[in-house]
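These notes concern the structure reproduced below.
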Amino acid sequence: MNKKNIVVALLVLLALLLVACGGGEPETVFVEVTRIVEVQGETMTETVTETVTETVTETVTETVTEQVAVEFAGGGDTLALVQDRGVLNCGGNANVPGFGYLDPDSGAFSGFDIDFCKAIAAAVLGDSEAIEVTPTTGQSRFPVLQSGEVDVLIRNTTWTFSRDTALGFDFAPVTFYDGQGMMVRADSGITTLAELEGATICVQSGTTTEKNLSDYMTNIGVNYTPLVGDDAVATRDAYDSGACDGFTTDKSGLVSNQILLTDPSAHVILDEDMSREPLGPLTRHGDNNWNDIVSWVVQCTFNGEFLGVGKDNVDSMLGSDDPVLQNLLGETGDLGQALGLSNDFCYQVISQVGNYADIYNANLGPDTPFNLARARNALYTDGGILYPIPFK
């Protein structure tokens, strides 16, 4: 092989390596080659341009378990961005009554998760109504947080290992402990998941629900056919139309979706739990102060209930001789300053939105269509597992 061919071969090899690293797309590479020519005993150098065209095909097989954005927003100073903007951008849900729901008549968002968006706005901006809710689906929710389109995601999202690590997120404390369940028609006679052998089951795509369903049914030896919906509405509508024998999602989601069915009383939720689903807010990895703010807003609502400080009586608690209450409400100490907030940030949260019990009862409690028992979501002193971290 002459020198020209050696140079060309090396450049082609380099091009192939670059193409392989770039994802396997076919590529035409233009290279400038220095040709060495021997003419009657003397050496002369000439430069020519040669076109080398190579097609590279690369087949990659991979399992994608989560939707990941191409570009991540930098960690940055989210607090400063929110305060400069004057509005909290919160990723939420528009189709789950009780948690995140957009009223088609008023155009207003409401729900348990939406109230936690409001609580953060009250703490950071002093105005619980200074929020802009971006409705998201199971597939779009993570990219909008990763890209910086929203400041925090509060949307029935389960805390898992991969989401906390591989997706670049940090979770705040759990606001709702849940478990995946199954809804069936009351007249089907089905009382256990084992009786769904050969059934068609409606499940939403882009969630942990799909994998939980597969794992659980495999474990108990039940064969089924999944009918996958793109979002909560499509999944619920498919079940309501009779396309599926069962409808699975978190039990809280089943409760909220049941009231939207054509005949809510014609359906029952089975007792079995298929998974553990700790739901809570999440922020982008890399901004520890912002995650601290979101976390301590949640803890503020827990502590408020634990100490008996709620929306209806918080003003009467001001001026208390109890140093614990003084710290919580920011009358003494500098806990807020440690976060870059006003020291009375927790007072703002409770006075404008409420403590945890206020938020729960307003959206899911006995005076709502859901009447969802607190169960695991009660304080540890009441038989639940909510354990407030002290403000001190």
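Overview of results
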{"quantity": "Residue that is surrounded by 15 or more Cβ atoms within 10 Å (Cβ to Cβ) and among the hydroxyl-bearing types (S, T, Y), where the choices are S265, S275", "calculated": "S275"}
{"quantity": "Test set (1) in the same structural domain as F109 (by TED's automatic domain parsing); (2) outside any helix (DSSP H, G or I); (3) in contact with an Asp or Glu (Cβ under 9 Å, 6 or more places away or on another chain) - Y347 fails condition number", "calculated": "(2)"}
{"quantity": "Out of E132, E149, sole residue that is surrounded by fewer than 23 Cβ atoms within 10 Å (Cβ to Cβ), part of a loop (DSSP other than H, G, I, E, B) and charged (D, E, K, R)", "calculated": "E149"}
{"quantity": "Yes/no for M217 being in contact (Cβ under 8 Å) with a residue 24 or more places away in the chain and outside any helix (DSSP H, G or I)", "calculated": "no"}
{"quantity": "Residue pairs meeting the criteria (Cβ under 9 Å; at least 6 apart or on separate chains; first on the phi > 0 side of the Ramachandran plot, in segment 221-248; second assigned to a strand (DSSP E or B))", "calculated": "G242/R185"}
{"quantity": "Test result for T381, touching a strand residue (DSSP E or B) at 6+ places or on another chain (Cβ under 9 Å) and either in a helix (DSSP H, G or I) or modelled with pLDDT of 95 or more (or both)", "calculated": "no"}
{"quantity": "Tally of residues being farther than 28 Å from P388 by Cα, in contact with a strand residue (DSSP E or B) (Cβ under 8 Å, 6 or more places away or on another chain) and not acidic (D, E) across segment 143-177", "calculated": "3"}
{"quantity": "Condition met for V255 (among the aliphatic types (A, V, I, L, M), closer than 24 Å to P281 by Cα, touching a Leu at 6+ places or on another chain (Cβ under 7 Å) and assigned to a helix (DSSP H, G or I))", "calculated": "yes"}
{"quantity": "Residues within segment 300-326 that are surrounded by fewer than 19 Cβ atoms within 10 Å (Cβ to Cβ) and part of a helix (DSSP H, G or I), tallied", "calculated": "5"}
{"quantity": "Which numbered condition D367 fails, given (1) over 21 Å from the mean Cα position of the chain (by Cα); (2) in a loop (DSSP other than H, G, I, E, B); (3) surrounded by 13 or more Cβ atoms within 10 Å (Cβ to Cβ)", "calculated": "(3)"}
{"quantity": "From the options I114, I120, residue that is modelled with pLDDT of 95 or more, of a type in the set (V, I, T) and within 25 Å of P369 (Cα to Cα)", "calculated": "I114"}
{"quantity": "Segment 306-335 residues that are in contact (Cβ under 8 Å) with a residue 12 or more places away in the chain, paired with ones that are among the basic types (K, R) (beta carbon under 7 Å, 6 or more apart)", "calculated": "N327/K392"}
{"quantity": "Considering residues of segment 208-222 that are touching a Leu at 6+ places or on another chain (Cβ under 9 Å) and more than 20 Å from R163 (Cβ to Cβ) only, the residue surrounded by the most Cβ atoms within 10 Å (Cβ to Cβ)", "calculated": "M217"}
{"quantity": "Cβ pairs under 6 Å, 6+ apart, first in segment 155-176 and assigned to a strand (DSSP E or B), second surrounded by fewer than 18 Cβ atoms within 10 Å (Cβ to Cβ) and of a type in the set (D, E)", "calculated": "F171/D164"}
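To keep it simple, each residue is scored yes or no on (1) within 28 Å of I350 (Cα to Cα); (2) modelled with pLDDT under 95; (3) among the acidic types (D, E); (4) over 13 Å from the mean Cα position of the chain (by Cα).
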site	(1), (2), (3), (4)
L125	yes, no, no, yes
S140	no, yes, no, no
L145	yes, no, no, no
L153	yes, no, no, no
T157	yes, yes, no, no
L167	no, yes, no, no
A172	yes, no, no, no
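The values are calculated or read from the model by the stated rules, or taken from the named source; none is laboratory data. Computed from a predicted model, the values in this text were never measured in an experiment. As a convention, Cβ positions derive from the backbone with ideal geometry for all residues, glycine included, and neighbour counts pool all protein chains shown.
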